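Undergrad: Structure provided below as structure tokens; questions to follow.
Every read-out reported here was derived from the displayed coordinates using simple, explicitly stated rules and does not represent laboratory data. As the structure is a prediction and not an experimental result, all values here were calculated from the model. Cβ coordinates were reconstructed from backbone atoms using ideal geometry, including for glycine residues, and neighbour counts include every protein chain displayed.
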Amino acid sequence: MEEIIIRKGIMVKSPGKMTALELKDWKHKSYQRAKDYLFSIGQPLVYYLQDGTPVAEYFDGRIERLQ
């Protein structure tokens with residue numbers, strides 16, 4: 001019988017030891033998990049554009065500039 005252990009919130013490999021491809025994948029998955037969580041509780045994902053403008057991205061795809 002195989003023993004399956006699930007750990008939530010513990011990284012298997014530190015970012016400093018990841019290959020470039022693993023790091024890129026890890027960053028993408030982290031972003032997606034945060035986005036999914038915020039949308040699941042009805043909150044937008046808020047971030048800054050390169051020019052410093054804050055924006056909010058909503059579940060329905062809307063992106064609004066914030067003041």
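Undergrad: Work out which trypsin sites (Lys or Arg not before Pro) in the chain are exposed loop sites (DSSP not H, G, I, E or B, at most 16 other Cβ within 10 Å) and give the longest gap free of them.
TA: In the chain, the maximal stretch lacking such sites is 14-61.
Undergrad: Further question on the same structure: Considering only 25, 51, 36, give the residue with the highest GNM mean-square fluctuation for the chain, with springs between Cα atoms whenever their separation is below 10 Å.
TA: Answer for the Gaussian network model of the chain: 51.
Undergrad: Once the Cα gyration tensor of the chain is found, what semi-axes does its equivalent ellipsoid get, as square roots of 5 times the eigenvalues, in whole Å, sorted largest first?
TA: Result for the chain: semi-axes of 31, 18, 8 Å.
Undergrad: I would also like to ask the following. Can you figure out the FRET efficiency of residue 14 with residue 56, using R₀ = 35 Å and their beta-carbon distance, to the nearest 0.05?
TA: That gives a FRET efficiency of 0.65.
Undergrad: Sum -39500 (n - 2.57) across every DSSP H segment of at least 4 residues in the chain, then divide by the residue count to get the 222 nm mean residue ellipticity, nearest 500.
TA: It lands at -11000 deg cm²/dmol.
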